[in-house]
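Presented below is the structure to which this report refers.
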Amino acid sequence: MPKIRKAVLPVAGLGTRMLPATRVLPKEMLPVVDKPIVQYAVEEAVASGIEEIILVTGRGKILIEDHFDRAVELFETLSRRGRTAELERLLAETPPPGVIVATRQQEPKGLGHAVWCARHLIGREPFAVILVDDLIEAPTPCLAQMIAVHERTGGNVVAVMEVPPEHTSRYGIVAPGKDDGRVVEVRGLVEKPAPQSAPSRLAVIGRYILLPEVMDELARHEVGAGGEIQLTDAMAKLIDRQPFHGLRFEGRRFDCGDRLGYLEAIVAFAAKRPDIGAAFRDILARYR
Ligand code: UTP
């Protein structure tokens with residue numbers, strides 16, 4: 001079975017839910033404590049054994065590429081001033097040359113279209129997709145948990161979690177088959193169903209392992225819910241042809257594309273930081 005070597009990070013969305021912060025600043029560059037959201041995703045990919053990270057960017061997103069570059073002047077200044085701890089951290093967090101590549105989605109036509117923009121960089125091998133907005137705090141990186149399942153089941157694997165019935169219209173929802181409580185067979189997928197027509201409460205969240213045939217479906221450019229080219233629709237076409245599973249991953253997911261989800265992520269990550277956690281919890285207590 002081929003190893004999962006590549007991950008696509010689509011970062012071309014407009015981030016309208018976070019306006020006005022995202023008028024100029026890509027939402028992926030908003031910090032959770034002191035790290036931009038996109039860096040958490042890159043670290044998860046690397047920790048899961050990914051060797052090549054493909055950013056699908058758009059207009060105004062160049063800062064994301066710059067973030068992973070060597071900031072020569074900054075590094076020299078830190079070195080001259082003897083700020084070795086900061087310098088070493090930045091050096092350790094800068095991926096080696098060639099690990100991050102970028103392509104552009106010239107118009108935000110939907111997540112499916114963004115993934116398709118990476119087709120030549122993916123070629124004909126299975127690959128991962130990480131939605132950077134979905135920040136996951138987990139003992140084992142979520143993507144690594146999924147790769148372990150993929151190695152056992154083969155085929156497509158998506159991360160799933162139970163959502164309240166009133167939230168089904170925000171997600172792709174799984175029609176479940178055989179279910180051992182952790183890994184569930186995916187029999188069908190419906191994008192953003194109303195609660196009464198949802199086949200379950202199991203929502204697909206922003207981690208996917210996909211076989212390359214999904215690119216052939218995306219190439220049809222079929223428009224789905226919200227007038228966008230949906231990844232869910234292309235995945236749904238593969239269900240009868242390829243193994244397809246959902247993993248109830250171990251960990252907590254924060255939707256950083258949404259104001260409250262973003263704030264909760266900051267609180268959760270700050271509260272457990274060894275350097276500032278105790279002081280931060282004292283501050284929080286004042287706002288109860
Ligand atoms: P979202 O719908 O959460 O992102 O898409 P958005 O469109 O930026 O957000 P809002 O609703 O306007 O606030 C999920 C992911 O897919 C990417 C986004 O960048 C995000 O990571 N995406 C979405 C693209 O890359 N291209 C698109 O055309 C749409």
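Read-outs: derived from the displayed coordinates by stated rules, not from any lab. All figures in this text were calculated on a predicted structure; none of them were measured in a lab. Don't worry about glycine lacking a Cβ; one is built from the backbone with ideal geometry, like all the others, and counts go over all protein chains shown.
Can you compute the charge dipole magnitude of region 122-208 about its Cα centre, using +1 on each Lys and Arg Cβ and -1 on each Asp and Glu Cβ, nothing else charged? Give it in debye, rounded to the nearest 20. If you can, show how the numbers build up before the last one.
Numbers: 9 positive and 11 negative charges, 43 e Å.
Here the size comes out at about 200 debye.
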- Starting from the Cα of residue 192, draw a straight line to each of the aspartates and glutamates and keep only those under 15 Å, dropping any in the same chain fewer than 8 residues away. 162, 166, 228, 233
- Fraction of beta bridges assigned by DSSP in the chain that are antiparallel (%, nearest 5): 60 percent
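Scanning the chain for GluC sites (Glu not before Pro) in DSSP loops with at most 16 other Cβ atoms within 10 Å, what's the longest stretch left with none? Numbers along the way, then the final one.
Details: sites that count: 51, 222, 250.
Value returned for the longest uninterrupted segment is 52-221.
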- Long pairs among 6/35; 6/272; 109/237; 35/178; 27/109, criterion Cα-Cα beyond 29 Å: 6/272; 35/178
- Query: Can you give the angle from 0 to 90° between the axis of helix 37-47 and the longest principal axis of the chain, with both taken from C-alpha atoms, to the nearest 10?
  - Reply: 70 degrees
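Relative contact order for region 1-142: what percent, with Cα pairs under 8 Å and sequence separation of 6 or more? It would help to have the intermediate numbers written out before the result.
Working: 182 pairs, mean separation 58.8, N = 142.
Once divided by the residue count of region 1-142, the mean separation gives 41 percent.
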- Note on the structure: Interchain or sequence-distant (5+) residues whose placed amide H lies within less than 5 Å of the amide H of residue 189 are 175
- Query: How far is helix 259-271 tilted off the main Cα axis of the chain, in degrees rounded to 10, range 0 to 90?
  - Reply: 50 degrees
- Task: Provide the per-residue ³J(HN,Hα) series for region 128-143, in order, calculated from phi with Karplus coefficients 6.51, -1.76, 1.60 and θ = phi - 60°, each as a whole number of Hz, with x at glycine and proline positions.
- Result: 10, 10, 10, 8, 4, 4, 7, 8, 10, 9, 8, x, 10, x, 3, 5
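Just in region 1-106: which trypsin sites (Lys or Arg not before Pro) are loop by DSSP and have at most 11 other Cβ atoms within 10 Å? Don't jump to the answer; show the numbers that get you there.
Values: sites: 3, 5, 6, 17, 23, 27, 59, 61, 70, 80, 81, 83, 89, 104; in loops: 3, 5, 23, 59, 61, 70, 81, 83.
Within region 1-106, the qualifying trypsin sites (Lys or Arg not before Pro) (loop, at most 11 other Cβ atoms within 10 Å) are 23, 70, 81.
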- Item | Given charges at Cβ of Lys, Arg, Asp, Glu: the chain dipole, positive-most of 47, 161, 127 | 161
- For region 213-253, the charge dipole (Cβ of Lys, Arg +1; Cβ of Asp, Glu -1; about the Cα centre) points to a positive end, and the Cα of 235, 247, 221 closest to that extreme belongs to 247
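Given charges of +1 on the Cβ of Lys and Arg and -1 on the Cβ of Asp and Glu, with all other atoms neutral, how large is the dipole of the chain about its Cα centre, in debye to the nearest 20? If you can, show how the numbers build up before the last one.
Numbers: 38 positive and 39 negative charges, 76 e Å.
Roughly 360 debye, rounded to the nearest 20.
Hey, what did the chain get for relative contact order, percent, Cα under 8 Å, at least 6 apart? Walk me through the numbers on the way to the answer.
Values: 522 pairs, mean separation 64.2, N = 288.
The normalised contact order for the chain reaches 22 percent.
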- For region 17-45 and region 166-241, what is the separation of their Cα centres, given in Å? 26 Å
